[in-house]
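Values quoted throughout were computed directly from the atomic coordinates according to the rules given, and no laboratory measurement underlies them. These numbers were taken from a predicted model, which means no experiment stands behind them. Cβ: placed from backbone, ideal geometry, glycine included. Neighbour counts: every protein chain shown.
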């Protein structure tokens, strides 16, 4: 006969197992379950997008190894932004419900081309832009290449990387090679950001889950091999005329890159989210409020500068 203590331990084990099952199920639901939108073709790749809300168009680009729902809807950003804007979310090629080519030549500035093609597809001449992490780097490149189409860009957890840093891009090639082999990798943040402020346990767990289970590693490796194409020279940065609102967590490994961008781009403002890291900043009320404040200020500036 089991003792009272052993019964209690069995009940505790069963309870913990149930909690773990619920937690895993919740993660699977967040990552796998998608509300399907629409698809269009560009450059031979099927691209998935959704449009919600009404008002001025706002294009949102997500981060590396996630998708638009996980990056923008789960933290509640789409819900808040769609109250005032026509919010357009795009699954970048290599991610989510979009096509996942395996050739490096299919990435780089083609990510920018996809975003502009989506605006064309929707009949939009120009839009506000929001970019998170990888999406921020794509957005910044779009500001340089298509300034007439980007009214202003809110960049979250993103910044500027010197394109002449050969050691940095060699490290990215190593990361891509490990992805292709299916080998264990350090998180991408440890390559992109300030290594002493390395990612925390939550970021490590999320990235390993996303890379190991829910993504096409060969597609992501191909994308990483062409990240260099998205970088801007310092001269390009100083010529930028699109207003930038840079929001970054004070504990984000990319804070240094965000600060480097803020001091070089002539129309940039930097906003720190105290205590937040690369993931948790998206869930902070301060982030949502600052996002809206930047857009509202730019709209006011445009109204004041428009001919009467």
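For the pair residue 79 and residue 274, what calculated FRET efficiency results from E = 1/(1 + (r/R0)^6), where r is the Cβ-Cβ distance and R0 = 35 Å, to the nearest 0.05?
Working: r = 24 Å, r/R0 = 0.68.
The computed FRET efficiency comes out at 0.90.
Quick one: Cα centre-to-centre distance for segment 275-308 and segment 108-172, in angstrom?
Each part's Cα centre sits 18 Å from the other's.
Taking only C-alpha pairs under 8 Å that are 6+ residues apart, what is the relative contact order of segment 35-305 in percent?
For segment 35-305, the relative contact order is 19 percent.
Place the peptides 130-138, 242-250, 263-271 in order of packing, highest mean first, counting for every residue the other Cβ atoms within 10 Å and averaging per peptide.
Per-residue mean Cβ counts within 10 Å order the peptides as 130-138, 242-250, 263-271.
Can you work out the FRET efficiency for the pair residue 299 and residue 228, with r the C-beta to C-beta distance and R0 = 30 Å, to the nearest 0.05?
Between residue 299 and residue 228 the formula returns 0.30.
Taking the Cβ of each residue in 62, 48 as the centre, tally the other Cβ atoms inside 10 Å and list the residues starting with the fewest.
48, 62
Per 0.36 nm of contour for each residue apart, how much would the distance between residue 285 and residue 40 grow if the chain were fully extended, relative to their Cα-Cα spacing?
Going from the current span to full extension adds 84.9 nm.
Using a ≥ b ≥ c from the Cα gyration tensor of segment 35-305 (square roots of the eigenvalues), is it rounded, prolate or oblate, where a/c under 1.5 gives rounded and otherwise the larger of a/b and b/c decides, a/b for prolate?
Details: a/c = 1.38, a/b = 1.20, b/c = 1.15.
Verdict is rounded for segment 35-305.
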